[in-house]
Amino acid sequence: MRGRFLTSLDASPLPDGRNWQLQKDLVWEWDDGTIETCPSGMVTDFASVPDLAFFAGLFAGIFNCLGWQSPFWLALLICVLSKRIDDDDRTSPGASFHDQDYTLKGISRFRADWHLMIRMRSCQVPRWVCILYWVNLRLFGWIVWFRLAERLAAACRRLKTFL
């Protein structure tokens, strides 16, 4: 299943320096004609990687060097991903929908992660980067799945105090 963005991303940074707020609706159309929308006003942190992902990869690499049974390729993959993830603005539109999916939990975590990959590919993000994102999400996404709603709600509350 594929799709395309019908609108471009328009977001402004929030004073906390980490989150962004959509200034207009971001609209996605699936090939079957189904339309999904991230509403203006939604708060997102785009494709942020928890520090835990980077350090888990680093420690797995250290353990591997010490001869402990830890897949080195996985450690390398996680470290590369966690540094690469913030450098590519093409991931942001798909990441906004992913944040919404993780917040509302209207679909499974697996499907939310898969949809992110599809949306990133539609923005010409290289396939290998999409796969790295997906692997990282499958390994560490559960951490955010259970905490993102709290963080975004807190960001909305902080925004209201500034306005």
| request: Out of the residues in the range 72-123 that are among the small types (G, A, S) and modelled with pLDDT under 85, state the one that is nearest to G41 (Cα to Cα). | output: S92
| request: Report, by residue number, each residue of the range 1-25 that is small (G, A, S) and surrounded by 12 or more Cβ atoms within 10 Å (Cβ to Cβ). | output: G3, A11
| request: Go through the range 28-61 and give me each residue that's touching a strand residue (DSSP E or B) at 6+ places or on another chain (Cβ under 6 Å), under 14 Å from Q100 (Cα atoms) and at pLDDT 90 or above. | output: W28, E36, T37, C38, S40, M42, V43
| When the residues of the range 136-163 are filtered to those that are at pLDDT 80 or above and hydrophobic (A, V, I, L, M, F, W, C), which remaining residue is nearest to the chain's Cα centre (by Cα)? | L137
| said: I'd like to check something: does the range 119-142 contain any residue that is touching a residue at least 12 places away in the same chain (Cβ under 8 Å), part of a helix (DSSP H, G or I) and touching a Gly at 6+ places or on another chain (Cβ under 6 Å)? | reply: yes
| field | Number of positions in the range 93-123 that are among the polar types (S, T, N, Q) and surrounded by fewer than 17 Cβ atoms within 10 Å (Cβ to Cβ) | value | 2
| query | With respect to T7, is the statement that it is among the polar types (S, T, N, Q) and under 18 Å from the mean Cα position of the chain (by Cα) true? | reply | no
| Out of N19, N64, which single residue is within 16 Å of the chain's Cα centre (by Cα) and at pLDDT 60 or above? | N19
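The values are calculated or read from the model by the stated rules, or taken from the named source; none is laboratory data. Please read all numbers here as calculations on a predicted model, not as lab measurements. All Cβ positions, glycine included, derive from the backbone under ideal geometry; neighbour counts span all protein chains shown.
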